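Below: the structure, in structure tokens.
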Amino acid sequence: MASEARWGGRLDERYARPLFILTIITGSFLLFLTQPMIARMALPRVGGAPAIWNSAMLVYQLLLLGGYAYAHWVSRIRPRRQVGIHVVLLGLAALWLPIGLISGEPPVGGEPAFWVPWFLFASIGPIFFIVSAQAPLMQRWYALESSRGDPYPLYAASNLGSFAGLISYPLLVEPLMTLQQQSWLWTSLYAFLVLLVVGCALTVPGKAVEAVPEETSPAPTTRQYLHWIALAAVPSGLMLSTTTHLTTDVVAMPLLWALPLGLYLLSFVVAFAERRGPTDLVTIVAPLIILIAGGLAFSEGTRNPFVSASLGLVLLFAVAVALHGEMFRLRPAVGHLTKFYLAMSFGGMLGGLFCAIVAPLLFDWAYEHPLLIVAAALLVPQYQLVPWPKRYAIIVRIALPVAALALSYLSERGYFGFNATATMMGSIGVSLIALACLGRRVPFAIALGALMLSYGGWSTLSRSAGDSRTRSYFGIYEVYDRADGSARVLTHGTTLHGIQNLAPELETVPTSYYARRSGVGIALTNANAIFGRPASIGIIGLGSGTLSCYRQPGQRWSIFEIDPEMVEVARRRFTFLSRCAPDARIVLGDARLSMRRQAANSIDVLAVDAFSSDAVPMHLLTREALREYGRVVQPDGMILFHISNRYLDLKPVIADIAAREGWTPAMMQYLPSEEDDALNATISVWIALSRNPLTIDRLVTMSGEDAANWEMLDPTPGFSGWTDDHASILPIINYPDWLPWAGD
């Protein structure tokens with residue numbers, strides 16, 4: 001009778017489930033719309049240093065955990081009082097609308113890693129906190145009517161909403177809307193969410209004395225909590241480590257980060273669904289997928305990036321579905337629902353912190369990836385392929401794992417011969433041992449680790465014992481000498497960042513993208529002649545320090561570099577800086593923020609070399625950024641942009657912002673001759689800009705026989721360049737040949 005009075009008829013109860021599902025989807029959609037939108041808003045103001053964005057990720061994780069903790073606390077209060085508290089808090093959070101950032105700039109000389117969390121908390125803290133509580137709290141409200149059944153499958157709807165928010169931002173919201181329009185879209189959806197929550201509140205029983213009693217079922221034990229946390233932490237960490245692995249060792253393709261996160265969210269949709277068939281199937285094959293795809297964790301994937309990327313993503317999805325499915329199987333009674341989700345949230349936070357904060361401090365390579373795969377092997381449900389009698393238990397527990405490690409080491413280090421066949425046979429042997437250990441978690445995990453090591457793992461570990469590799473929050477750098485001893489090479493994941501010839505007479509010859517006949521080489525060589533005096537030079541992006549060898553007597557050089565580790569690499573492993581510009585001023589920090597502190601009209605030539613990597617810091621290539629560079633560069637001065645990139649065509653971006661801001665652009669695509677190629681010159685694309693067309697004319701004239709390689713750039717019809725308020729990489733992506741739709 002109470003239900004009928006509340007709904008105006010029992011027939012209307014059928015609308016409760018769709019209403020709660022829509023509410024949960026809307027809340028989760030808003031959460032995953034918030035993070036990239038706020039990042040775009042904050043980027044010009046706080047810069048792009050990963051240490052800053054790691055602290056931002058910590059803010060999001062803490063707010064999410066706080067929202068789940070609030071949902072757990074409020075669910076212990078009488079239902080109608082819960083409704084009152086939650087609706088009031090939703091109203092108070094609306095004071096932070098329309099969503100956006102508070103005014104303020106990072107203090108000069110202050111620590112941004114402390115200022116940014118405060119800045120984000122003050123800007124979006126209350127509203128992000130209250131929205132993050134929707135998924136667990138709405139499930140608890142739904143369960144208050146006993147006839148509705150199990151509320152846990154509604155969590156699948158939550159992650160479906162998260163997935164929709166994830167893909168809609170880069171594909172629809174960012175390309176089509178300015179940041180101001182995005183803010184009003186978010187505000188409108190928040191108002192819709194409040195209406196949905198009020199609708200859900202009307203279904204909450206009015207005469208219940210208290211919420212679903214926790215005393216009706218045993219309280220979860222400490223061991224259960226730890227198990228839930230582990231089951232949540234491993235997929236969360238593996239999602240981030242897969243992203244690092246793919247972009248570092250396979251291909252640094254734009255938007256690739258969205259695929260692991262999207263599959264991670266979809267795994268909840270599958271694992272928490274009422275139909276258990278797909279989850280059970282994935283759980284059965286998960287150990288085999290871990291063995292096949294996880295065994296290649298140390299192998300280099302650049303030779304066949306499509307296959308390597310596909311295996312990594314299949315592995316992530318299988319592990320996430322299997323472990324999240326195990327969480328669903330071990331879920332507690334409804335009375336402990338919010339405790340369960342609080343433990344899940346805490347585990348997800350631990351996995352994220354391990355990969356984003358701890359791993360870069362502990363490891364010089366992405367070792368968190370194989371470690372998390374081994375952890376998955378320990379946690380995933382298993383079955384025995386080989387039913388070993390109990391009397392052979394010591395063989396399975398000790399002898400087989402030891403044999404797997406020994407065989408792995410001997411084959412990978414060449415004791416059976418340095419050829420592909422011998423290595424392959426050794427890996428096959430290790431795989432068979434691992435299959436024999438399946439169903440026994442620890443032996444299987446050790447054998448899996450041995451298989452990983454057999455595919456290049458021992459070599460990776462040996463390089464970590466030396467000083468050839470270093471890691472920071474910006475990435476993994478590796479320095480190595482070529483086998484013939486002719487050159488030293490610096491790489492950032494799969495991207496070349498510098499080459500130095502080791503022959504004494506060639507040591508200071510500029511190489512790679514910076515060769516004498518490249519656009520930047522011609523400009524810096526002739527800088528004094530172009531301006532009629534010793535020029536003042538600014539460089540954004542240090543790399544190995546190659547450009548410093550264009551320094552001439554009397555010139556003042558300033559180099560802006562965001563990563564302290566890169567400065568150490570350039571000084572310790574290369575001699576460009578020490579031999580050519582030992583007194584050059586090096587300014588650490590985000591280039592755009594550093595530009596704001598430079599004197600006006602203090603630079604004649606500014607070379608912006610932040611775009612040679614395949615990941616482009618968009619905030620350095622907007623109209624507002626060009627204005628800030630223009631303030632520092634004198635009126636007749638010149639800016640050079642390095643836009644060599646495998647996956648993005650940046651020419652339309654620069655051509656448009658140059659035309660809109662009154663700059664004259666000219667582009668040079670440099671193809672090295674055989675002679676230059678022998679000196680390690682590489683293909684490069686540079687664009688020179690000046691507000692004075694005569695400066696560009698002088699640059700072209702002084703290029704000699706290379707003058708014909710300069711071409712003037714016109715804006716692309718229908719294309720709008722980037723601004724701080726609106727930017728998208730979708731229109732300028734060059735898809736690699738190995739993608740099935742490339743060339744369409």
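With the charge dipole of the chain set up from +1 on Lys and Arg Cβ and -1 on Asp and Glu Cβ about the Cα centre, the Cα lying farthest toward the positive end among the listed residues ILE85, ALA659, VAL285 is that of ILE85. Does segment 419-513 come out rounded, prolate or oblate, given a ≥ b ≥ c as the square roots of the eigenvalues of its C-alpha gyration tensor, rounded meaning a/c under 1.5 and, failing that, prolate meaning a/b above b/c? Verdict is prolate for segment 419-513.
For segment 130-169, the gyration tensor built on C-alpha atoms gives an oblate shape. Its axis ratio a/c (a ≥ b ≥ c) is at least 1.5, and a/b is not larger than b/c. Relative contact order of segment 602-687: 32 percent, from C-alpha pairs under 8 Å at least 6 residues apart in sequence. Please compute, over every Cα-Cα pair in segment 391-431, the percentage with a separation greater than 11 angstrom. Here the tail beyond 11 Å accounts for 60 percent of pairs. Accessible surface for CYS355 stands near 10 Å², nearest 10, in the context of the full protein assembly shown (1.4 Å probe).
Surface exposure of segment 626-744, expressed per residue as accessible area with a 1.4 Å probe, stands at 45 Å². For segment 560-589 versus segment 647-716, the spacing of their alpha-carbon centroids is 26 Å.
With both bridge residues required to lie in the chain, what share of the DSSP beta bridges run antiparallel, to the nearest 5%? Restricted to the chain, the bridges split so that about 60 percent are antiparallel. The accessible-area ordering, largest first, of the residues GLU565, GLU326, GLU711, GLU505 stands as GLU505, GLU711, GLU565, GLU326, per a 1.4 angstrom probe. Each Cα pair under 8 Å and six or more residues apart adds its sequence gap; the mean of these over the residue count of the chain is a relative contact order of 12 percent.
For ALA681, the residues whose amide H sits under 5 Å from its own are SER512, ignoring neighbours fewer than 5 places away on the same chain, with H placed 1.01 Å from N. In terms of the mean number of neighbouring beta-carbon atoms within 10 Å, the peptides 644-652, 362-370 order highest first as 362-370, 644-652. The residues neighbouring ALA156, those whose beta-carbon lies less than 14 Å from its own, together hold a net charge of +2 under the Lys/Arg +1, Asp/Glu -1 convention.
Helices in the chain, meaning DSSP H runs of at least 4 residues, each add -39500 (n - 2.57). Divided by all residues, the mean residue ellipticity at 222 nm is -16500 deg cm²/dmol.
Of the heavy-atom accessible surface of the chain (probe 1.4 angstrom), what whole percent is carbon and sulfur? Reported share for carbon and sulfur atoms: 63 percent. Each Lys or Arg adds one and each Asp or Glu subtracts one; over the other residues with Cβ under 13 Å from the Cβ of ALA71, this totals +3.
Taking all Cα pairs closer than 8 Å and separated by 6 or more residues, the relative contact order of segment 343-487 comes to 29 percent. Over segment 313-354, the alpha carbon radius of gyration divided by the compact-protein estimate 2.2 N^0.38 Å works out to 1.30.
Stretching ALA201 away from LEU435 to a fully extended chain increases their span by 79.0 nm, per 0.36 nm per residue minus the current alpha-carbon distance. The accessible-area ordering, largest first, of the residues ILE398, ILE733 stands as ILE398, ILE733, per a 1.4 angstrom probe. Accessible surface of PHE29, taken over heavy atoms with a 1.4 Å probe and every protein chain present, rounds to 50 Å².
Rounded, prolate or oblate, given the Cα gyration tensor of the chain, with a/c below 1.5 counting as rounded? The shape class here is oblate. According to the Cα-based calculation, Rg over Rh for segment 512-556 is 0.94, with Rh computed by the Kirkwood formula.
Unpaired cysteine residues in the chain (no second Cys Cβ under 4.7 Å): CYS200, CYS355, CYS437. Considering segment 535-628, its Cα convex hull presents a mean projected area of 6.0 nm². With a 1.4 Å probe rolled over the protein heavy atoms of all chains, the accessible area of LEU179, LEU379 falls in the order LEU379, LEU179, largest first.
The values are calculated or read from the model by the stated rules, or taken from the named source; none is laboratory data. Please read these numbers as outputs of a predicted model, since none were measured by experiment. Counting neighbours? That spans all protein chains shown, and the Cβs are built from the backbone with ideal geometry, glycine included. Side chains included, ligands, DNA and RNA excluded: accessible areas come from the protein's heavy atoms. Shrake-Rupley method; radii C 1.70, N 1.55, O 1.52, S 1.80 Å.
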